[in-house]
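Undergrad: I have a structure I would like to understand better, so I am pasting it below and will then ask my questions one at a time.
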Amino acid sequence: MAFFLGIDGGGSKTTCLVGDEDSILGRGASAGSNLVRVGEARARESLCSAVGQACAAAGIAPTEIARACVGVAGARHPHIRDVVGRILLELVPAHTEVVGDAVIALAAAFGSGPGVIVIAGTGSVAYGRNVAGRTAHAGGWGFAISDEGSGHWIGRTAVGGVMRAYDEGQAEPDARNTPLPAGIMRTWGVRSHEQLVLAANTTPARDFAGLFPTVLRAADAGDSLARDVLARAGAELAGLAKIAIRKLFANLGTARLAMAGGVFGSSALVRQVFYNSVHSEYPSATLNPTVIEPVNGALEMARRGTRA
């Protein structure tokens, strides 16, 4: 019996599956392993933990893995592929393919068929393939200049919104009882708007993506600013999807869409705005309502031993 390994190395979470030709035998999860965000040492720790958990759950040793596939952000860059490949070779002495996180997500959603996947986790990207096999990206250029609608974007936009509300006189510096400002200050351990500004502008940058659960809770509590941020995130993600559709499906019939990542999985408001915005421009587009797990695509690619 052959065993295969699939990994989704995200910015906030690493997920690993071990399976045979037909079944999933073990699962592991650990902290993020995005090399750009966490560095090589922490990425190695996270990958080692996730692989170890999955192999232990499957009752096998890592040396028994026949093939592996790992999807990580930034894998378009040779340096990222080389470093991640070297780390995996230390853990699993098997043939390993390192591809982009969008590649495994597309495989999980559509196999080798056409469609557009939009990922919204710590970062964001849209990636698609048409019936002719041509592929295209939109977004995904990093949190400093892109990653629209992502967890990082939501956290940064929420902090900016709080400060804009303060500029407009809608909140006093010590008004920490409003759900969103209060939640952000509590999460970051600050007690005033002045401290919030200092925290938001530190180097290295604060973990804005870590504020996403805070924004969700504030939105659930009825905070209008939090709900506006989530709605804007849905619209930004729809914008990425529309770019990919225009590139790939303008003259090739109906586009199939799918979603992946914790932002989609956690917010019905983001999903609804995303769907409504795409559908208003492309009414024939179809959306899979289930949020896809990209790691399933990595495992399937490892089984096939070919690029999706």
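Undergrad: Would you mind finding the one in 226, 235 that is over 16 Å from residue 119 (Cβ atoms), more than 18 Å from the chain's Cα centre (by Cα) and in a helix (DSSP H, G or I)? Walk me through how you get there before you give the answer.
TA: Values: 235 fails: more than 18 Å from the chain's Cα centre (by Cα).
Exactly one residue qualifies, and that residue is 226.
Undergrad: Any chance you could count how many residues in the stretch 144-168 are among the acidic types (Asp, Glu), at negative phi and crowded, with 22+ Cβ neighbours inside 10 Å? Spell out how you get there, then give the answer.
TA: Here is the first cut: in the stretch 144-168, the residues among the acidic types (Asp, Glu) are 147-148, 167-168.
Remaining after also requiring at negative phi: 148, 167-168.
After this cut, where a residue has to be crowded, with 22+ Cβ neighbours inside 10 Å as well, the list is 148.
Residues in the stretch 144-168 being among the acidic types (Asp, Glu), at negative phi and crowded, with 22+ Cβ neighbours inside 10 Å: 1 in total.
Undergrad: When both residues are 6+ apart or on different chains and their Cβ atoms are under 9 Å apart, which pairs have a first residue that lies in the stretch 274-302 and is exposed (fewer than 14 other Cβ atoms within 10 Å of the Cβ) and among the small types (Gly, Ala, Ser), and a second that is part of a loop (DSSP other than H, G, I, E, B) and at pLDDT 95 or above?
TA: none
Undergrad: Could you list, in sequence order, the residues of the stretch 93-105 that are over 15 Å from residue 10 (Cα atoms) and either at pLDDT 95 or above or polar (S, T, N, Q) (or both)? Steps first, answer last, please.
TA: Within the stretch 93-105, the subset over 15 Å from residue 10 (Cα atoms) is 93-97.
Matches in the stretch 93-105: 96, 97.
Undergrad: Would the stretch 91-109 turn up any residue that is part of a helix (DSSP H, G or I), surrounded by fewer than 19 Cβ atoms within 10 Å (Cβ to Cβ) and of a type in the set (A, V, I, L, M)? If you could, list the steps in order and put the result at the bottom.
TA: Quick first cut of the stretch 91-109, residues part of a helix (DSSP H, G or I) only: 91, 101-109.
Filter once more, keeping what is surrounded by fewer than 19 Cβ atoms within 10 Å (Cβ to Cβ): none.
No, because not a single residue in the stretch 91-109 is part of a helix (DSSP H, G or I), surrounded by fewer than 19 Cβ atoms within 10 Å (Cβ to Cβ) and of a type in the set (A, V, I, L, M).
Undergrad: Of all the strands (runs of 3 or more DSSP E) wholly in the stretch 9-74, which have at least 1 residues that are among the charged types (D, E, K, R) and within 19 Å of residue 85 (Cβ to Cβ)? Write out each step before concluding.
TA: On the way: elements: 13-19, 24-31, 65-72.
Of the strands (runs of 3 or more DSSP E) lying wholly inside the stretch 9-74, those with at least 1 residues that are among the charged types (D, E, K, R) and within 19 Å of residue 85 (Cβ to Cβ) span 65-72.
Undergrad: For the stretch 132-149, indicate whether the set of residues that are touching a strand residue (DSSP E or B) at 6+ places or on another chain (Cβ under 9 Å), under 30 Å from residue 52 (Cβ atoms) and β-branched (Val, Ile, Thr) is non-empty.
TA: no
Undergrad: Counting residues that are more than 20 Å from residue 131 (Cβ to Cβ) and of a type in the set (A, V, I, L, M), which helices (runs of 4 or more DSSP H) fully inside the stretch 246-308 reach at least 3?
TA: Working: elements: 262-266, 268-281, 294-304.
Ranges flagged: 268-281, 294-304.
The values are calculated or read from the model by the stated rules, or taken from the named source; none is laboratory data. Keep in mind it's a predicted model, so treat the numbers as computed, not measured. All Cβ positions, glycine included, derive from the backbone under ideal geometry; neighbour counts span all protein chains shown.
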